[in-house]
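A.B. asks: Dropping a structure here in structure tokens format, bear with me for questions.
The values are calculated or read from the model by the stated rules, or taken from the named source; none is laboratory data. Given the structure is predicted, the values throughout are model-derived calculations rather than measurements. Positions of Cβ are backbone-derived with ideal geometry, glycine not excepted, and every protein chain shown enters the neighbour counts.
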Amino acid sequence: MATGWINRADASRMITRRIRNSARRLRPIFERRDSSRVKVSVGCDLGSVQDLSIGGMRIRTRRRLKGTVQLELWTPGRRLKLQGEVRWTKRLGFRRYLNGLAFVNITPELAAQLTQFAAG
């Protein structure tokens, strides 16, 4: 076999890898969310909130979340009960997961309260 030559399957894998790496670099530019996320320091009964928006949140938990979950957010002086649908889960390590939740059944009143939570 001559050196410097690659077969079609290897070439396809190299091209796919380059496209994926380019997409990872461009992901922040092309944000798919309708509302922007904000880093907040609010308490949650499911785990540690990483960021929050009117449409959903990212949360770090000790167990994998599935389906629709009930959750409660709080700050000193305020409590808010919500329902969220798990959109994705990423395992970070032993009993450590990062979960993306989309809020469901958001009324205008809940949206206003979420805005206040995000504002601090």
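A.B. asks: Being loosely packed, with under 14 Cβ neighbours inside 10 Å, within 17 Å of the chain's Cα centre (by Cα) and of a type in the set (Lys, Arg), is that true of even one residue in region 94-104?
C.D. replies: Yes, that holds for at least one residue.
A.B. asks: Same structure, new question: Of the conditions (1) modelled with pLDDT under 80; (2) in a loop (DSSP other than H, G, I, E, B), Leu46 satisfies every one except a single condition; which number is it?
C.D. replies: (1)
A.B. asks: Which condition breaks for Gly84 when tested against (1) over 18 Å from the mean Cα position of the chain (by Cα); (2) surrounded by 13 or more Cβ atoms within 10 Å (Cβ to Cβ)?
C.D. replies: (1)
A.B. asks: Right, another one. Quick one: is Arg58 within 17 Å of the chain's Cα centre (by Cα), among the charged types (D, E, K, R), buried (at least 18 other Cβ atoms within 10 Å of the Cβ) and part of a strand (DSSP E or B)?
C.D. replies: yes
A.B. asks: Let me ask you something else. Among the residues of region 86-118, write down those that are under 17 Å from Trp74 (Cβ atoms) and in contact (Cβ under 8 Å) with a residue 40 or more places away in the chain.
C.D. replies: Leu101, Phe103, Leu114, Thr115, Phe117, Ala118
A.B. asks: When you scan region 27-36, do you find a residue that is modelled with pLDDT of 65 or more and among the charged types (D, E, K, R), even just one?
C.D. replies: No, because not a single residue in region 27-36 is modelled with pLDDT of 65 or more and among the charged types (D, E, K, R).
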